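Accompanying notes for the structure given below.
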Amino acid sequence: MMKTPFDCLIFDADHTLLDYKADERGAFLRLFSSLSLTLDERQIERLHFLSEHTWSQAGLSDVASEYTQQNYHDLYRSHLRILFPRIFEELGVSADVDIVSERFLKELEHTGNPIKGAEETLALLQKNYRLFVATNGLSAIQRGRLAVFGKRFEKLFISEEMGVIKPQKEFFERILEEIGAKKETCLMIG
């Protein structure tokens, strides 16, 4: 392997290591199965569309926004209370939005679906680098989904536990301090 100036590789989770869309799909399928509903592919694609739209509407896509930075984890939870009434209306379902929202979050805690080649790449890199994850999200969900990689990472840095989100400078400063590294020797991937 070629020598680099880096000792530490810090990976984002979603869309870098984990296939969020596949994980969300699984959560929707398990959730609606528990409500005795079977979804077809067209319905699942529609749920993904509604989910992405609601995520953006809630401001969660704008992580540079001060409001989003200060309220990210509350917005993460509360956007589901907007999403599920829309889903229920389209599917003709009657259910308690708060209960279903919480169940959906629990369903997202299942082991994640790795991006193709992620496991093999990490196995190779782990031989020469210290590996970490830095991700925005809810702790139980991210830890559950990242469990698929076993002990590939020295540590997971999850915004809910840190009390600050990426891309805030403090997020990365805390990581560097905790791992005892200089920014010049770390590479953020994702």
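The values are calculated or read from the model by the stated rules, or taken from the named source; none is laboratory data. Keep in mind that what you see is a predicted model, and the values were worked out from it rather than measured. FYI the Cβ positions are ideal-geometry reconstructions off the backbone, even for glycines, and counts take in every protein chain you see. Heads up: the accessible areas ignore ligands, DNA and RNA and are worked out on the full protein's heavy atoms, side chains in. Shrake-Rupley method; radii C 1.70, N 1.55, O 1.52, S 1.80 Å.
Selection among SER51, GLN142, MET188 by position relative to the dipole of the chain gives MET188 as farthest towards the positive end (Cβ unit charges, Cα centre).
For labels at LYS182 and THR111 in the simple 7 Å Cα→Cβ model, what's the distance in nm? That separation, rounded to one decimal, is 4.1 nm.
Restricting to Cα pairs below 8 Å that are 6+ residues apart, what does the relative contact order work out to for the chain? Please round to a whole percent.
Working: 242 pairs, mean separation 67.2, N = 190.
In percent, rounded to a whole number, it is 35.
Candidate cross-link partners of LYS183 among the lysines, defined by an alpha-carbon separation under 16 Å and a same-chain spacing of 8 or more, comprise LYS166, LYS169. For segment 137-149, backbone phi angles converted through the Karplus equation (6.51, -1.76, 1.60; θ = phi - 60°) give residue-by-residue couplings of x, 8, 4, 4, 5, 5, 5, x, 5, 7, 4, 4, 8 Hz, Gly and Pro being listed as x. Per-atom-type breakdown for segment 1-137 gives carbon and sulfur 51% of the accessible area (1.4 Å probe, protein chains only). Taking 0.36 nm per residue of sequence separation and removing the Cα-Cα distance, the ARG81/GLU170 pair yields an extension gain of 29.0 nm. Around GLU177, with a cut-off of 14 angstrom between Cβ atoms, what is the net charge of the other residues, counting Lys and Arg +1 and Asp and Glu -1? That works out to +2.
Accessible area per residue (1.4 Å probe, heavy atoms of protein chains only) ranks GLU52, GLU173 as GLU52, GLU173, with the largest value leading. A straight Cα-to-Cα reach below 19 Å connects LYS127 with the aspartates and glutamates ASP7, GLU119, GLU154, residues fewer than 8 places away in its own chain not being considered. Once you sort the root eigenvalues of the Cα gyration tensor of segment 100-190 as a ≥ b ≥ c, which label holds: rounded (a/c under 1.5), prolate (a/b larger than b/c) or oblate (the other case)? Oblate, since a/c reaches 1.5 and b/c is not below a/b. Taking all protein chains as they are arranged and a probe of 1.4 Å, the heavy atoms of MET162 leave approximately 30 Å² accessible to solvent. Residue by residue, segment 93-103 carries 3J(HN,Hα) couplings of 9, 10, 7, 6, 4, 5, 5, 5, 4, 5, 5 Hz when phi is fed to the Karplus relation 6.51 cos²θ - 1.76 cosθ + 1.60 (θ = phi - 60°); x denotes Gly or Pro. Scanning residues 5 or more positions from PHE11 or on other chains, those with amide H under 5 Å from its amide H are PHE132, VAL133, ALA134, ILE189, with H placed 1.01 Å from N in the peptide plane.
Estimated at the nearest 10 Å², the accessible area of GLU177 is 150 Å² with a 1.4 Å probe. The Cα trace of the chain gives Rg and Dmax of 18.0, 58 Å, the first to one decimal, the second as a whole number.
Cross-link partners for LYS21 among the lysines, with Cα-Cα distance under 19 Å and sequence neighbours closer than 8 places in the same chain left out: LYS106, LYS116. Close amide H contacts of ASN113 (hydrogens built in the peptide plane, cut-off under 5 Å, sequence separation of 5 or more or a different chain): ASP19, ASP23. Here the Karplus relation 6.51 cos²θ - 1.76 cosθ + 1.60, evaluated at θ = phi - 60°, turns the backbone of segment 160-176 into coupling constants of 4, 6, 7, x, 7, 10, 5, x, 4, 4, 4, 4, 6, 4, 5, 4, 4 Hz, with x for every Gly and Pro.
Run the simple label-point estimate for ASP98 and HIS73 please: 7 Å along Cα→C-beta, distance reported in nm. That separation, rounded to one decimal, is 2.0 nm.
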